[in-house]
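Q: Before I ask anything, here is the structure I am working with.
Nothing in this text is a laboratory measurement; each read-out follows from the coordinates by a stated rule. In this text, all values refer to a predicted model and were calculated from it rather than measured experimentally. No Cβ is skipped: glycine too gets one built from the backbone with ideal geometry, and neighbour counts run over all protein chains shown.
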Amino acid sequence: MDKSPWSVPVSVDDIPDSGRHMEIEAPETTRAAVAELAGVRELPHLTATFDLTKMGAGVHAVGHVSARVGQTCVVTLDPVENRVEEAIDLRFSPHVMPPAVDAPKVARTEEDLEPLVGGVIDLGAVATEFLLLGIDPYPRKPDAAFTPPAREADGPHPFAALETLKKRLPDGQH
C-alpha cells in the first residue's frame, strides 16, 4: 500500500520493555478517506487495538481491527451494513528489506517478517490493510436470493443457430 489515509506512527523507542497496549479510533474524515479507498458507501465505525512487544531490534504486533462497513447488496442493490472483525499478528524486523515495487508476489507464511523502516510502525496503515482484506467483496442482504429470468420452453435456445448449421453439413463432417 503506498500511502494510507489512516496514519498512527509508533516509534520502537516508545515501546517499553514490558510492552505497550494501544487502542486507536479513526476520526470521521479518516473513515471517509478509508471508505473511498475501500470502495464502500460508508464506514461509520473503525477501531483497532494492538499489543506491541519488543523482539530484539524488532517488534511483535498482535491486535484486532473492528469496523462497520456500509455496502450495496450485489443481488438487490439495497444498502447493507456488515461487520468486519480481523485478527492481526505481525512481526516487524529492521533486517528485512521492503519488496521492490516490481517484485513478483510470492506466497507468505506465518513466520514471514514485515520490514521495519526507520524504527517506526504505522498502526493506522496496518489496521487499514487488515480492514481491506476483511471486507466482503460480494455483500448480500441475509434474505437476498438471485432468481434467473424464466426462459420460454418453446422459444429458441441459445445454440439453435449452431444446430441449424450442423444439419446443413454433409454426413461425417460434424
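Q: Amide H of Leu116: which non-local residues (sequence gap of 5 or more, or other chain) have their own amide H closer than 5 Å, using H built in the peptide plane?
A: The list, which skips near neighbours in sequence, is Ser93, His95, Val96.
Q: Okay, moving on. Which ³J(HN,Hα) values, rounded to whole Hz and listed in residue order, are derived for segment 61-75 from phi using the Karplus coefficients 6.51, -1.76 and 1.60 in 6.51 cos²θ - 1.76 cosθ + 1.60 with θ = phi - 60°, glycine and proline given as x?
A: For segment 61-75, the Karplus-derived couplings read 10, 10, x, 7, 10, 9, 8, 10, 10, x, 10, 10, 4, 6, 9 Hz, x marking Gly and Pro.
Q: Taking the Cα centre of the chain as origin, work out the dipole magnitude from +1 charges on Lys and Arg Cβ and -1 charges on Asp and Glu Cβ, in debye rounded to 20.
A: 720 debye
Q: Another one. Longest exposed-loop-site-free stretch of the chain, with chymotrypsin sites (Phe, Trp or Tyr not before Pro), DSSP loop and at most 13 other Cβ within 10 Å?
A: It works out to 1-145.
Q: In deg cm²/dmol and to the nearest 500, what is the mean residue ellipticity at 222 nm of the chain if only DSSP H runs of at least 4 residues count, each as -39500 (n - 2.57), divided by the residue total?
A: -5500 deg cm²/dmol
Q: Continuing with this model, one more query. Give me D for the chain in µm² s⁻¹, whole number, from Stokes-Einstein with Rh from the Kirkwood sum over alpha-carbon pairs, 20 °C and 1.002 mPa s. Mind showing how you got there, number by number?
A: Values: Rh = 19.9 Å.
Answer from the Stokes-Einstein relation: 107 µm²/s.
Q: Still on this structure, I have one more. Across the chain, where is the longest run that never hits trypsin sites (Lys or Arg not before Pro) in a DSSP loop with at most 11 other C-beta atoms within 10 Å?
A: With trypsin sites (Lys or Arg not before Pro) excluded where exposed in loops, the chain gives 4-104 as its longest stretch.
Q: Based on DSSP loop calls and a cut-off of at most 12 other Cβ atoms within 10 Å, the longest stretch of the chain free of exposed GluC sites (Glu not before Pro) is what?
A: Here the longest run is 1-109.
Q: Please build a GNM for the chain, connecting alpha carbons under 10 Å apart, and tell me which residue among His157, His45, His95 fluctuates the most.
A: Most flexible of the set in this elastic network: His157.
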